[in-house]
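Accompanying notes for the structure given below.
Taken together, the values in this text are just the output of simple stated rules run on the coordinates, not laboratory data. Everything quoted here is computed from the prediction, not taken from an experiment. Virtual Cβ from ideal backbone geometry, glycine too; neighbours counted across all protein chains shown.
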Amino acid sequence: MAEKVFTYGVVVFADNLSPRTLDEVRRAADSAGIDEEVRSIKPRNTFIRAIRQLQKENIIERGESGTLCDKFADDDIISFQFSQRFVEEQGVSYNKFAVVTFNKESNVIACPDQGIRQIAHRLYDSIQNVYQPYDLNALAKRVTEKHGARRIMLRDGVYFIPLSHIAVAEKLKKFFTSLNFSFIVLPVSSESAEKQSVVRCVVRDIAQSIKGLATEVETLKASGDLTPRVARRRLEDLEESLEQYKGLAHDLRADLKEMIQEAGDSANALYNFGVDSVDEMIAGIQQGRLAGSTGVRIVPLVHDLLTVAAEMEPICIPAPQPVAVEADAD
């Protein structure tokens, strides 16, 4: 009798994504039984992402604000210039002094050169109510998370969905094929070399997820924007992440504790949510029961969120002690 091969989940990817109109996306979502809202695309968000992409393609160059980078969208007004090659390909004379500005609040595009301003307006008009490939991927991510799953990126555009959420993969397949995209679903079994690769990617996802949350909380603290309401929402994010990772570990027949340990010190934030309840955790921390021999301690990220959310009194978190190195005997 042939040995039964257990399937851990599926690897999914949509091939050669391209823009689709908002109406097309809504019809495809409806036909696939997706009840996640297909949101209208905010023109300014799409325009900002389009500018970033054009910068990568060397179509947009340095503007008055300097070289555009990820943080340029924090400014109320974005300044940039199209490259000479791009302008001339549009049949417009290049003006090296013409800077295009985009006001994020009013969506007003301005430029002293009429021809270049018209290019910017055409770009803006062409992307309104159009789902770009990254919008389609963002919708797929929201659909997956709404079902309590976590989509693990194996490589760009290729994701793992655990067996317990195979219905989500089927919905996504119907959605993307309704948009005339090729959508591939490949099983990951105990005989597959992909299994260990998936586990490594889950570990990477844990590390990146917690590190990103910790960085965000530090930024909010520095700006004074870490309010009790925001802190409570981030605590909910941590609890939700833990549940998602528990599901992944179960489906992959892997040890979640080992994966968290492998993900590094920052991932210990998930340990703090591994007890029966948050109230139990707080009581244990306040009484010092979670330190020492259990190997579980409160990490700064969780401490900051719990104290700002007014769920516990601040405690002193001892700094890690350097390991003493004995000198060699003479």
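Coupling constants for segment 91-100 follow from the phi torsions by the Karplus curve (6.51 cos²θ - 1.76 cosθ + 1.60, θ = phi - 60°), and in residue order they are x, 10, 5, 7, 10, 5, 9, 7, 10, 8 Hz; glycine and proline get x.
Note on ILE77, ILE109: ascending count of other Cβ atoms within 10 Å places them as ILE77, ILE109, the fewest first.
For CYS201, CYS111, the sequence from fewest to most other C-beta atoms within 10 Å is CYS201, CYS111. Is there a pair in LYS141/LYS173; LYS146/LYS211; LYS141/LYS171; LYS141/LYS257; LYS146/LYS171; LYS104/LYS141 whose C-alpha atoms are over 18 Å apart, and which pairs would that be? Violating the 18 Å limit, Cα to Cα: LYS146/LYS211; LYS141/LYS257; LYS104/LYS141. Could you work out, for segment 152-198, what percent of all Cα-Cα pairs fall into each 5 Å distance bin, beginning at 0 Å and stopping at the bin that holds the largest distance? So the P(r) values, bin by bin, are 5, 19, 27, 27, 16, 6, 1.
For segment 131-245, the alpha carbon convex hull comes to 125 Å³ per residue, rounded to a whole number.
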